[in-house]
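What follows is a set of notes on a single structure, which appears directly below.
The values are calculated or read from the model by the stated rules, or taken from the named source; none is laboratory data. Just so it is clear, the structure is predicted and the values come from calculations on it, not from any experiment. Every residue, glycine as well, gets a Cβ built from its backbone with ideal geometry; the counts of neighbours run over all protein chains shown.
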Amino acid sequence: MSANNSPPSAQKSVFPATVSAVLPAPSPCSSPKTGLSARLSNGSFSAPSLTNSRGSVHTVSFLLQIGLTRESVTIEAQELSLSAVKDLVCSIVYQKFPECGFFGMYDKILLFRHDMNSENILQLITSADEIHEGDLVEVVLSALATVEDFQIRPHALYVHSYKAPTFCDYCGEMLWGLVRQGLKCEGCGLNYHKRCAFKIPNNCSGVRKRRLSNVSLPGPGLSVPRPLQPECVPLLSEESHTHQEPSKRIPSWSGRPIWMEKMVMCRVKVPHTFAVHSYGRPTICQYCKRLLKGLFRQGMQCKDCKFNCHKRCASKVPRDCLGEVTFNGEPCSVGTDADMPMDIDSSDVNSDGSRGLDDSEEPSPPEDKMFFLDPTDLDVERDEETVKTISPSTSNNIPLMRVVQSIKHTKRRSSTVVKEGWMVHYTSRDNLRKRHYWRLDSKCLTLFQNESGSKYYKEIPLSEILRVSSPQDFTSISQGSNPHCFEIITDTVVYFVGENNGSSSHNPVLAATGVGLDVAQSWEKAIRQALMPVTPQASVCTSPGQGKDHNLATSISVSNCQVQENVDISSVYQIFADEVLGSGQFGIVYGGKHRKTGRDVAIKVIDKMRFPTKQESQLRNEVAILQNLHHPGIVNLECMFETPERVFVVMEKLHGDMLEMILSSEKSRLPERITKFMVTQILVALRNLHFKNIVHCDLKPENVLLASAEPFPQVKLCDFGFARIIGEKSFRRSVVGTPAYLAPEVLRSKGYNRSLDMWSVGVIVYVSLSGTFPFNEDEDINDQIQNAAFMYPPNPWREISSEAIDLINNLLQVKMRKRYSVDKSLSHPWLQDYQTWLDLREFETRIGERYITHESDDARWEIHAYTHNLEYPKHFIMAPNPDDMEEDP
């Protein structure tokens, strides 16, 4: 055999000993010829697997060896040609080893026939006539395929639902929505917007799909057509596999066209031209993959290719700017919001028809309508394999989560130091002037012995400070001493702070020791600001009567139907700015404390300049409704303060909410006993509301607050911003509430009545018992709600009683007339349980008030206990139900 027929030393096998994972075959835009569509047998590697074709003069069967893999193939004799065999080789490579394929592979593979009778076993095949029945043909990569050849490896994308905030790996922007927010590559695990799918480079690494080479092709009789042009493979619509489990979904192959890859490869790469940029949406740095934080001017963006990065990362970015690459006549650079307004397009609309987090009609936190995330949450779902989710084999329902409308800040930030330094003072009890190292934070003022130690002389909680005033009382000053600069007044003692030495010039040496008017005035200003941390700076006055600024600190307090003018909320309550309890429809809720009594409160702060008139009217509606509600199962409104800039709604402070209790449970769901206990309380509170023709309209676990951390806590309903006054036979049509808990009639824009709340109760019971929403993530939520297509997968519903499922089914009725009312629900066998009644009576005895159970039931349950030989406690309180005084349901 001549040297020309021997495989050159530089030639190599197409694949190494260890090859990559099997990816499902792409769906090409056009099918190859029929002869090629069925050239593979059942995928066996050991021997040819032929049906009626072995030995037939019309077919030729032989073995193809690619690396360590052998495939048995059969080709019709009339179609046997060198190009047909190469087509078949390319088809196998694209299906079994997609990460090893590259552009132009067809022209750079060589075929060798094993000839055991020749000294040189490998014989180069130059004509199809050299291939005979039973031959072993080995595929070898030509030396012409150099390392410089650009390899094209399309991404295998499928629609994915993310459980944590995730960013697009192409444009860097957040993937918005509740479910099915974007596309995930099955090969490399990267995430993309749907709008970015046709712009991404074909550079899938396939690192998540490595496998051994002895894994066969899936399924018998599988055809492996050669994908002639990867760019003509369309992106499969999500409807084509909406009913498949995630593990069985067929990925879509997508990316930039091959002609674009060649054009980009040939371009001269130049340094980026960065400029400071303000982003209208949460965006990550495409170099370090961390969030670009801030209100504006958050980072740098390349003027040409729209690459985004931190200022600190700009110098580290490689010099690989591609300029303004166009696709279909439009720029396909990574930035999408560079020179255009922040509008909502179809790509930002969720699968359920609702808009994402950046919906301009949804209320947003008061930071110029921008949504910021805790940086600790950004890397939670970089790899979905580490996230604990519900197994698709047991349930494909959407896991319970906190919905967009109610952002919950569960992490309580530690108090930060606002100001520190040396200061002098004396008190109304001791006129000896003392010097301490003062340290002011958001909750207290601490007087330390020195600037580095932990021992302190006195701690003054800000909630105990009634007011800060200019110097007025000089009776306690010792003879010959300099006067003080300002006074801190508490309920028990007055602190006279500072020392005015009469000098008009600033003395740094004395200021460092706490002496001087200027250093005292800076402390006075800082303390005033800490007393009311959420008010505008202009409203913080150094003394009363300083002109027009003082008017900003006045307000109108509505308490017990009485109007009090010129009442400053900072003189009554202390707001803790670092204790964010959450945010509702209208503002941020802070923890606070009543100064005189020390009672803990929750204060909702609304900036009237940042919220439209419509939401302001909803706030007034919430206050008006709460003022007329006095029930143990409804959150108590203490008072409301209003200034020209802000509104403060003061309510009782509770421990947490029902959703937090569900998610923090051992199985992320509640036992039936606790669920019965809490649902009964919810229904009793709803009965009081419905009796007064009030419909909550936004009932969900986030709006069910817990009074304590006990296993069987008292629950109270809150957030009445969407509440409506609806008579027993009346209907309303305005769209209200949270989509995941809304009844079908609201989504259809039809009239709704008080039965709207009963649908929400059904969803609450479902999510409490299962830890998931009653909706499948692969189907449109609106369609599922309107069709009531709810599923009860064996896990966990096999452990839940049939009575609970029956109550859910009667609450989640599409037809309003068939939906259970409050009284029917309370009378349902699932809630008419002796253990539940005992738990409720024990709770009523503990709090000293009977408002859930009725005394007319006592005899019935006593007979039940006697009949079944159960213990009947005698220590329960027997006070009458307070509802009897105001209603007769």
Would you point out which residue out of SER768, SER760 is within 18 Å of VAL695 (Cβ to Cβ) and either surrounded by fewer than 18 Cβ atoms within 10 Å (Cβ to Cβ) or modelled with pLDDT of 75 or more (or both)?
SER760
Which members of the range 867-889 meet the condition of being at pLDDT 75 or above and farther than 15 Å from ASP833 by Cα?
ASN869, PRO873, LYS874, HIS875, PHE876, ILE877
Out of the residues in the range 176-189 that are out of contact with any Leu (no Cβ under 9 Å at 6 or more places or on another chain) and not β-branched (Val, Ile, Thr), state the one that is farthest from ALA740 (Cα to Cα).
CYS188
Inside the range 814-837, the number of residues satisfying the requirement of being over 26 Å from HIS868 (Cα atoms) and touching a residue at least 40 places away in the same chain (Cβ under 8 Å) is 7
Quick one: how many residues across the range 279-298 are in contact with a Ser or Thr (Cβ under 8 Å, 6 or more places away or on another chain), of a type outside the set (A, V, I, L, M, F, W, C) and closer than 19 Å to LEU175 by Cβ?
1
If you go through VAL493, VAL468, the only one that is within 25 Å of HIS594 (Cα to Cα), buried (at least 19 other Cβ atoms within 10 Å of the Cβ) and touching a residue at least 40 places away in the same chain (Cβ under 8 Å) is VAL468
Among residues of the range 435-449, those that are outside any loop (DSSP other than H, G, I, E, B) and within 14 Å of GLN529 (Cα to Cα), counted
4
For the structure I just gave you, tell me whether GLU855 is farther than 30 Å from VAL159 by Cβ and modelled with pLDDT under 95.
yes
Requiring at least 1 residues that are of a type in the set (Asp, Glu) and either modelled with pLDDT of 85 or more or over 30 Å from ARG595 (Cα atoms) (or both), the strands (runs of 3 or more DSSP E) wholly within the range 605-715 are 646-652
Here are some residues: ARG841, ARG846, ARG850, ARG817. Which one is more than 30 Å from ALA743 (Cα to Cα) and either at pLDDT below 90 or part of a loop (DSSP other than H, G, I, E, B) (or both)?
ARG850
I want to confirm something. Restricting to the range 421-452 and keeping residues that are of a type in the set (Asp, Glu) and either over 25 Å from GLN479 (Cβ atoms) or in contact (Cβ under 8 Å) with a residue 60 or more places away in the chain (or both), which single residue is surrounded by the fewest Cβ atoms within 10 Å (Cβ to Cβ)?
GLU451
